[in-house]
Amino acid sequence: MTKTHVIAASKEAFYTWQYRVAKKLTAMEINQVSRTRKEGRERVYHIDDSPSGTTEGPLDFAKAFTATRDPICCITATDKTLIVGRESGTIHKYSLPNVALVQKYSLNYRAYQLSLNCTSSRLAIIDISGVLTFLDLEVRSSSDDGSGSQAGTGDPSKFERKDVWDMLWANDNPDLFAMMEKTRMYVFRNLDPEEPIQTSGYICNFEDLEIKSVLLDEIMKDPERPNKDYLINFEIRSLRDSRALIEKVGIEDASQFIEDNPHPRLWRLLAEAALQKLDLKTAEQAFVRCKDYQGIEFVKSLGNLQSEAMKQAEVAAYFGRFEEAERMYLDMDRRDLAISLRIKLGDWFRVLQLLKTGSGDCDDALLEQAYNAIGDYFADRQKWVNAVQYYLQGRNQERLAECYYMLEDYDGLERLASSLPENHKLLPDIGQMFVTVGMCEQTVNAYLKCNQPKAAVDACVHLNQWNKAVELAKNHNMKEINSLLAKYASHLLEKNKPLEAVELYRKAHHFLEAAKLMFKVLPTIMP
């Protein structure tokens with residue numbers, strides 16, 4: 001699986017699915033892609049075919065069932081290259097995303113595992129006997145290849161290791177890889193090995209000069225209860241040496257070593273060490289080398305500060321030592337900066353504590369914000385009782401109404417509605433809450449307080465409180481009630497409930513209509 005393709009193979013054919021297209025597409029192109037069928041997105045290729053990369057008709061899964069004398073045994077891919085190995089030792093190289101056969105290579109052994117480096121320039125091959133060799137897919141000069149050999153296109157490297165059962169290229173360096181040989185892990189840079197590490201882990205990631213390995217054998221002993229201790233991180237030698245130089249020798253010597261062995265991770269390590277010592281010039285240069293724009297801006301902001309203590313506090317916050325940074329701010333009598341730090345971290349409990357413990361006047365708006373944020377914290381965890389306490393202090397009426405409703409505290413909800421001014425935007429919502437639980441009187445009060453008599457009448461009808469509905473309609477000179485009564489009576493008659501329709505008219509004080517209806521239905525209900 002690559003960033004754009006999923007590739008699967010059987011013995012006879014391989015299937016490609018382009019699940020993601022290039023980001024830079026116009027709206028018209030996106031439309032065209034969505035309208036077309038899967039022809040360009042899903043393809044099946046027989047291993048004996050020689051695709052040219054052009055569109056080749058509809059998707060044909062029949063190719064997967066056509067036999068071949070030389071089956072597929074392994075595959076690997078990067079964003080721009082697909083490699084397929086066959087049992088005879090033949091290696092096919094295809095270009096991606098158009099899947100065109102570019103070249104074939106012939107080996108004297110059957111490949112068991114294939115792996116491409118991050119630039120797709122070199123192929124690592126572990127054969128069925130556990131021998132690791134390399135195949136250069138591009139011409140490499142002596143300046144490119146640290147081994148000093150001038151390997152031509154397709155010529156295997158002279159490198160060979162036996163008893164290899166796993167290997168992985170670094171994601172960010174084409175000449176760096178790790179391999180497992182029996183119970184030892186070796187890291188190679190330009191085909192030169194570092195000292196081995198004793199481990200039986202499977203390599204799952206190699207990035208930023210750090211290898212992540214997983215002890216699968218241990219996990220499979222009890223797969224239902226995996227332990228995170230079975231995930232192990234190893235630092236390679238250049239990272240260990242750089243850290244040791246910084247700690248024991250100094251930044252200047254470490255800078256020279258990193259200059260000779262450049263890598264973004266090492267420059268970042270140097271930048272962070274320089275920051276700790278407030279060596280802003282070295283820190284800025286190192287951040288530039290590892291292309292960390294955020295770090296560059298941070299160093300510039302430090303340069304604008306006059307106080308050394310303030311710089312130390314900012315650096316402590318940058319490295320996540322928030323308790324230390326807060327203590328420094330408070331020692332400098334900068335409670336405002338300590339509060340600002342805690343707000344950025346979302347630690348509103350500490351914000352509230354700092355606001356209350358300060359000797360000066362506290363900001364009422366900020367205090368309300370803190371109360372409401374803590375209320376949100378409890379509400380998100382459905383701890384409604386705790387949330388109510390903080391929303392009351394934060395005067396957050398909208399969230400209070402929600403909490404009262406979730407707690408089924410309708411007395412509290414009624415008190416809240418009574419305390420709101422007329423035509424408040426929350427009153428219709430409270431009215432709807434009362435409707436859902438069948439509390440007619442409270443519903444009417446809420447709707448009338450926000451000058452919505454029509455909604456109050458509709459709620460009464462919904463709750464079958466026809467007397468109240470008629471009373472409201474009369475008090476507010478609404479003419480819709482007669483038609484509404486007629487519609488509801490017709491509905492009851494259709495449901496074969498004539499007596500309920502008569503009762504409806506009677507409750508609404510429409511006695512003449514009730515009598516007429518009674519006279520009409522009397523023969524049907526009397527024997």
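The values are calculated or read from the model by the stated rules, or taken from the named source; none is laboratory data. Everything numeric here is computed off the predicted structure, so don't read it as measured data. FYI the Cβ positions are ideal-geometry reconstructions off the backbone, even for glycines, and counts take in every protein chain you see.
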Within the range 353-365, which residues are surrounded by fewer than 17 Cβ atoms within 10 Å (Cβ to Cβ) and under 34 Å from the mean Cα position of the chain (by Cα)? Gln353, Ala365
Condition first: modelled with pLDDT of 65 or more, more than 22 Å from Leu116 (Cα to Cα) and outside any loop (DSSP other than H, G, I, E, B). Now tell me which residues in the range 1-42 satisfy that. Glu42
Could you list all residues from the range 384-413 that are buried (at least 20 other Cβ atoms within 10 Å of the Cβ) and either among the aliphatic types (A, V, I, L, M) or in contact with a Pro (Cβ under 8 Å, 6 or more places away or on another chain) (or both)? Ala387, Val388, Leu400, Ala401, Leu413
Hey, which of the strands (runs of 3 or more DSSP E) in the range 44-106, taking only ones fully inside, have at least 1 residues that are touching a strand residue (DSSP E or B) at 6+ places or on another chain (Cβ under 9 Å), modelled with pLDDT of 90 or more and within 16 Å of Ala8 (Cα to Cα)? 72-77, 81-86, 90-95
Picking from Met439, Met433, Met478, which residue would you name as being free of Cβ contacts under 8 Å to residues at least 40 places away in the same chain, crowded, with 16+ Cβ neighbours inside 10 Å and in contact with a Pro (Cβ under 9 Å, 6 or more places away or on another chain)? Met478
Test for Ala459: is it modelled with pLDDT under 85 and either closer than 30 Å to Glu402 by Cβ or of a type in the set (A, V, I, L, M) (or both): no
Top-ranked residue of the range 82-91 - restricted to ones that are free of Cβ contacts under 8 Å to residues at least 60 places away in the same chain and touching a Leu at 6+ places or on another chain (Cβ under 6 Å), ranked as nearest to Asp172 (Cα to Cα): Ile83
Could you list, in sequence order, all residues of the range 356-373 that are among the hydrophobic types (A, V, I, L, M, F, W, C) and at pLDDT 90 or above? Leu366, Leu367, Ala370, Ala373
Output the number of residues of the range 443-454 satisfying the condition of being surrounded by 20 or more Cβ atoms within 10 Å (Cβ to Cβ) and assigned to a helix (DSSP H, G or I). 5
Name, by its number, the condition in (1) under 30 Å from Met478 (Cα atoms); (2) under 35 Å from the mean Cα position of the chain (by Cα) that does not hold for Asn445. (2)
For the range 214-252, give me each residue that is among the hydrophobic types (A, V, I, L, M, F, W, C), under 25 Å from Phe177 (Cβ atoms), touching an Asp or Glu at 6+ places or on another chain (Cβ under 9 Å) and not in a loop (DSSP other than H, G, I, E, B). Phe234, Leu239, Leu245
